[in-house]
Ligand code: SF4
């Protein structure tokens, strides 16, 4: 399997796991999504903290890592490449990402 194909398979598998979790739980970001996507740097820090109480924290972080998400807060980490300098992530996720 090529690297690109492996990336797609891993991202699809991680997305399926995340979607399964989201079908069974209400997450903090579902209640105030703009905090995760359209907020300031301070909002992103707050969102990342709120992620720590999310029932799908691990699945979300695994998906973001597999899909190489570069925008918004996922899995307890600010992945916005403009805020984080193009790759380094802030937040205290405790995730493997
Ligand atoms: S861990 Fe993911 S699903 Fe949970 S609140 Fe954070 S961004 Fe939303």
If you average over every viewing direction, what projected area does the convex hull of the Cα atoms of the range 5-48 give, in nm²?
-> 3.9
Mean projected area (nm²) from the convex hull of Cα positions in the chain is 5.9
Under the helix-only model (-39500 (n - 2.57) for each DSSP H run of 4 or more, divided by the residues of the chain), the mean residue ellipticity at 222 nm, to 500 deg cm²/dmol, is -16000 deg cm²/dmol
What's the extension gain from residue 2 to residue 70 if we count 0.36 nm per residue and subtract their Cα-Cα distance?
-> 22.2 nm
Evaluate the distance, in nm, between pseudo-label points positioned 7 Å from the Cα of residue 24 and of residue 82 along their respective Cα→Cβ axes.
-> 3.7
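Computed from the coordinates by the stated procedures, all read-outs in this text should not be read as laboratory data. What you see is a predicted model; the values in this text were computed from it and never measured. As a convention, Cβ positions derive from the backbone with ideal geometry for all residues, glycine included, and neighbour counts pool all protein chains shown.
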